[in-house]
1. Normalised by the number of residues in the chain, what is the relative contact order in percent for Cα pairs under 8 Å and 6+ residues apart?
2. Within the P(r) computed for the stretch 1-93, what percentage of the Cα pairs occupies the region above 23 Å?
3. Considering only protein heavy atoms and a probe of 1.4 Å, how much of the accessible area of the stretch 1-100 is carbon and sulfur, as a whole percent?
4. For 40, 97, give me the order by solvent-accessible area with a 1.4 Å probe, most accessible first, ignoring ligands, DNA and RNA.
5. Separation between the residue 81 and residue 55 pseudo-spin-labels, each 7 Å from Cα along Cα→Cβ, expressed in nm?
6. Only Lys, Arg, Asp and Glu count, each charged at its Cβ (+1, +1, -1, -1), so figure out the dipole size of the chain about its Cα centre, rounded to 20 debye.
7. As a test question: what accessible area, to the nearest 10 Å², does residue 78 have when a 1.4 Å probe is rolled over all protein chains in place?
8. May I ask which of 71/168; 47/152; 7/71; 71/130; 79/152; 7/130 have a Cα-Cα span longer than 27 Å here?
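The values are calculated or read from the model by the stated rules, or taken from the named source; none is laboratory data. In this text, all values refer to a predicted model and were calculated from it rather than measured experimentally. Backbone-built Cβ (ideal geometry, glycine too); neighbour counts: all protein chains shown. Note: areas computed on protein heavy atoms with side chains; ligands, DNA, RNA excluded. Shrake-Rupley method; radii C 1.70, N 1.55, O 1.52, S 1.80 Å.
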Amino acid sequence: MTENIDKATALIEAVLFMEGDPVDEGTIERISGVPAETVTAALEILKERYISSDCGLEIAVIGGGYKISIKREYWDNLKERYGKKNEGKISRAAMETLAIVAYSQPITRTEIEKIRGVSADNMIRLLLEKNFVREVGKKDIPGRPVMYGTTKDFLKQFHLNSISELPKLGESDMEKFELEGEKY
């Protein structure tokens, strides 16, 4: 039995290495031909193996998928050489807009503009192009404005498994997301 789990773990590690992008358990099962229970057990073994302090890699859970990733503590030393130039770099205004969408989704352009105090058209267009935000529906009010939310690419860029992993806002930060008694 130990030999089988060892081989399955090695195969799943190879799948994660080759895929590069986060892969969910079902996809790992299909690619490797390994049963679901064994995939789950192998992922746990890999997580434990990579947690070791002498290892520079980790199994990251991003957007519901698994990925072999560099430990955050080492990335600052390596990003100059291995990071793509300007990858993920966005202006402060775009980052503010993205934060508003992330913490307040679903949210309309008008609501974003009320919070920011300036037009959000260009920032929303940029964030849509980078696939950090997407249209998630229409608000049920006159004019039926488009509502925006974040994407899996947003989660991937910020190494989050879900929106619930966003840092919690303090009381003073929460006030920035309130307008005229309304919370966004």
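1. Details: 212 pairs, mean separation 32.6, N = 184.
Rounded, it is 18 percent for the chain.
2. On the way: 1354 of 4278 pairs.
When every Cα pair of the stretch 1-93 is considered, 32 percent fall beyond 23 Å.
3. 52
4. On the way: 40 60, 97 0 Å².
Correct descending sequence by accessible area is 40, 97.
5. Taking the two extended label points, one gets 2.2 nm.
6. On the way: 27 positive and 32 negative charges, 161 e Å.
That gives the chain a dipole magnitude of about 780 debye.
7. It works out to around 60 Å².
8. Numbers: 71/168 22 Å; 47/152 22 Å; 7/71 25 Å; 71/130 25 Å; 79/152 22 Å; 7/130 39 Å.
The answer is 7/130.
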